[in-house]
1. I'm trying to understand the selection: among the residues of the stretch 788-837, which are in contact with a Ser or Thr (Cβ under 6 Å, 6 or more places away or on another chain) and either part of a helix (DSSP H, G or I) or closer than 25 Å to Leu658 by Cβ (or both)?
2. Just wondering, is there one or more residues in the stretch 303-320 that are β-branched (Val, Ile, Thr) and assigned to a strand (DSSP E or B)?
3. Out of the residues in the stretch 783-800 meeting the condition of being of a type in the set (A, V, I, L, M, F, W, C) and more than 18 Å from Gln463 (Cβ to Cβ), tell me which one is most open to solvent (accessible area, probe 1.4 Å).
4. If Leu742 satisfies every condition in (1) surrounded by 14 or more Cβ atoms within 10 Å (Cβ to Cβ); (2) out of contact with any Lys or Arg (no Cβ under 9 Å at 6 or more places or on another chain); (3) modelled with pLDDT under 90; (4) outside any helix (DSSP H, G or I) but one, which is the exception?
5. How many residues does the stretch 16-37 hold that are open to solvent by less than 10 Å² (accessible area, probe 1.4 Å) and under 20 Å from Leu70 (Cα atoms)?
6. Looking only at the stretch 86-103, which residues are hydroxyl-bearing (Ser, Thr, Tyr), open to solvent by 20 Å² or more (accessible area, probe 1.4 Å) and touching a strand residue (DSSP E or B) at 6+ places or on another chain (Cβ under 7 Å)?
7. Name, by its number, the condition in (1) out of contact with any strand residue (DSSP E or B) (no Cβ under 9 Å at 6 or more places or on another chain); (2) buried (at least 18 other Cβ atoms within 10 Å of the Cβ); (3) aliphatic (A, V, I, L, M) that does not hold for Ala504.
8. Just checking, does the stretch 535-547 include any residue being at pLDDT 90 or above, in a strand (DSSP E or B), farther than 27 Å from Met787 by Cα and touching a strand residue (DSSP E or B) at 6+ places or on another chain (Cβ under 9 Å)?
Amino acid sequence: MMSNVKLGVEVLSAHDLLPKEQGTANAFVEVEFDDQKFRTAIKDRDLNPVWNEQFYFNISDPSRLTELHLEAYVYHANRANNSKTCLGKVRISGTSFVSQPDASPLHYPLEKRNILSRARGELGLRVFLTNDPSVRVSAPGPEFDMLSTSSTAQEQEAANSIPNPFQETRPNPVRQLQHLPREQQRPAPMGQAYYNEGSYGDQQQRSFSAIANKAGAPPPQVSRMYAPGSQQPIDFQMKETSPTLGGGRVIGGRVYPGEKAGAYDLVEKMQYLFVRVVKARDLPNMDITGSLDPYVEVHLGNYKMKTKYFEKNQRPEWDEVFAFPKEVMQSTTLEVVVKDKDVIRDDYVGRVSIDLNEVPVRVPPDSPLAPEWYRLVGKDGMRDRGELMLAVWYGTQADECFSSAIHAGSTPVDSHLHNYIRGKVYPAPRMWYVRVNVIEAQDIFPMENHIPDVFVKVRLGHQLLKTRQVRSPTKNFMWNEEMMFVAAEPFEEDLIITIEDRVAQNKDEVIGEVMIPLTRIPKRADHKPVRPAWFDLRRPGLLDVNQLKEDKFYAKVNLRICLEGGYHVLDESTQYCSDLRPTMKQLWKPPIGMLEVGILSAHGLNPTKTRNDRGSCDAYCVAKYGSKWVRTRTIVDNLSPRFNEQYTWEVYDHGTVLTIGLFDNCHISGDSNHGSQGHMDKPIGKVRIRLSTLETGRVYTHTYPLLVLHPSGVKKMGELHLAIRFSATSLINVLFTYSRPLLPKMHYAQPLSIVQQEMLRHQAVQLVAQRLGRMEPPVRREVVEFMSDARSHLWSMRRSKANFFRLMQVFSGVIAAGKWFGDVCQWKNPVTTVLVHVLFVMLVFYPDLILPTIFLYMFLIGLWNYRFRPRILDFATRCRLHQ
């Protein structure tokens, strides 16, 4: 960020302030940022004051902007004793500051200054960053006296002439409750820590175990996948492991350090030989025509890797990196051969031999190794075949070239397929809800002479909705219907409004249309109404500018359109959400911690294809949390692949779920079972980790079973080995998340129906799949749909039975209490019956003890069950239906 960047704060207005003197207040605002303070004018006797004052702050250190906070205090000026009383405050983190064009006015609820104070109402602010050199930092205002009148009669008259948006839109203000009650659930026993597909895990459960640290290392444990029914087979259980990772040996969640830990301390340290083929020059002519189609082969023992070839190029530039695992190296010499691509047989150009005992070791953060020119040796031993630029070194997963390198496998991969096996990180697009309210249309003239039957079609990309049909003998039509769409940044589609007339059973005629770019639509962060606007329609097919001017007032439609920034756009199942933040960045809270995941390996995978008359699998992992998708490299032709890749995510709410899926790459040659599926990556299994069950600082190393549902029953497809650690930045920030509702405020102020949510979620999944499919290498549509549970709304007998057993488990406590009361009434246990009658008589004579007795009983039960709490993380896997 530039050094002359400034923070602009526009203090707009306040609403529904707490009265202090005779039912009113003398309000003013003090804004503090980076040891600078500015103050607005005092608005006497006004609970809904309007200021519209703007201040600019200097940022001393822009690199620390995310660590700074903007604080705005609303005070009441006490004229009698020349003092001030705080009416509330607003605290905005530096992570939510945006540039000036993207800043929108927001109304923040006032918070208490301390525990004993009171606060209510809202404060309207517009906060933005600007680097405009013409903007100067505001000068601090003079200290004014509370006893004197702060504003003249002219200022009061000018302030009264400014319309108050709160008074216009909400004449009878109703206070919005910010904190919603949540049902408390008993922690599931260890045997119930596993959820099958269709599980409605309590997404609002935020266990305090996320902030509890273990002093000792418990013995290895095994968790049951589901409690009902008989004992589960041991092959279907999650198992705790004790691997040796980069940070040391992991035993019972604690790390016992060995050698010095690096950045990749959650994966096994693996040594690689990296070979970077940069370019060549002065290559000889090989063909009769004098052309050369060069490519490079890298030989190391039984491994052979190829670059892509260039047609008729004697100075090719490849810049490709190959990685060979050091543990499987069976040769001490590396040979790099340059060849000429030919139709019948490739011609030999020259080679370079490198002794591996002389290869240097590179340890990041060292700078990349400088490549070197090597002379090519021909078959006759002469060094006159041109030169090849190479760089060869030993490294680990921490090397910058690791993710983009082509990893050697037992089965060679063609050069044009290298992009399909690389690992990458994919940012998901930021999505918005688009709300369109079709109110009315005027001056609608049908094409044919009849009573028109008119309706409106609204299209956004592939999304299409329409209103009901309205018949009217006049030229004006009224609908007042609301529609919701999903749009993704950057906005590439326009909103198309079309008015059509139903002239026959299956025949519609277009009367007029209008195209509205999404970049011109206003954004809002709350539920305050948006003003409607009239849009001129044009006849279909009119493209000439002069014709449009003549046809300008032909017809018009009244619409209320806005981009909803206060919602979180759901693109996954509500019980397995990985992100709960609203769309607008200004509403984001600072992160509360960091999630680190090490994808170690997979074991015992079942073959998904045949290669050379034997079973094979080309496995890769996809992990999703929040707006960040990651994809590991593909391990070719290996039923026990070792990935050893580590990724990190920022955590904003630990009531979220991490999803990791394992897939078979079907875009590599050698698969003879594609059939009619057409190169679609096959899902093997899926694992979900609920972050609310993770203890901070503990390393969880487990193997998770991957299950597939056959018509004959459940079958295990293999196991996935993971290492997971959640680190909280502050205990107070973690505890503060319990005081906030799970979803953004708009989901409660203006909720969406279940049918509307599912329809919008389907559109959001399609948008994410479309955008991720355009990246290189792409994340396929079938992968996105599998990770996001795009078909979770479909009915299945297995899910219905699972939900029935869960409902029975929920009411099992009530049923057990009824049976116990029946046993008391029938004197099956006389001692218990006598004690119950004594307690009943005591409560009759002392009714004040009813609630304390209930709370004491609940406390004792919780204290008794505390030692039986689960000590391992809560996870879920996904069984895919066998076709």
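The values are calculated or read from the model by the stated rules, or taken from the named source; none is laboratory data. Bear in mind that the values here come from a model prediction, so they are computed numbers and not experimental data. Positions of Cβ are generated from backbone atoms using ideal geometry, with glycine treated the same way; all protein chains shown enter the neighbour counts. Ligands, DNA and RNA are stripped out before the accessible areas are found, and what is left, the full protein with its side chains, is counted by its heavy atoms. Shrake-Rupley method; radii C 1.70, N 1.55, O 1.52, S 1.80 Å.
1. From the stretch 788-837, those in contact with a Ser or Thr (Cβ under 6 Å, 6 or more places away or on another chain) are 789, 792, 824, 827; that's our starting set.
Listed by number, the residues that qualify are Asp789, Ser792, Val824.
2. Of the residues in the stretch 303-320, the ones β-branched (Val, Ile, Thr) are 307.
Retained after the next criterion (residues that are assigned to a strand (DSSP E or B)): none.
No - not one qualifying residue is present in the stretch 303-320.
3. Only one residue tops the list, namely Trp795.
4. (2)
5. Matching residues across the stretch 16-37 total 6.
6. At the first step, the residues of the stretch 86-103 found to be hydroxyl-bearing (Ser, Thr, Tyr) are 93, 95-96, 99.
Retained after the next criterion (residues that are open to solvent by 20 Å² or more (accessible area, probe 1.4 Å)): 95, 99.
Ser99, the sole residue that qualifies.
7. The number of the failed condition is (2).
8. Just the residues of the stretch 535-547 that are at pLDDT 90 or above, to begin with: 535.
After this cut, where a residue has to be in a strand (DSSP E or B) as well, the list is 535.
Okay, now just the ones that are also farther than 27 Å from Met787 by Cα, so 535.
Those left that are additionally touching a strand residue (DSSP E or B) at 6+ places or on another chain (Cβ under 9 Å): 535.
For the stretch 535-547, residues at pLDDT 90 or above, in a strand (DSSP E or B), farther than 27 Å from Met787 by Cα and touching a strand residue (DSSP E or B) at 6+ places or on another chain (Cβ under 9 Å): present.
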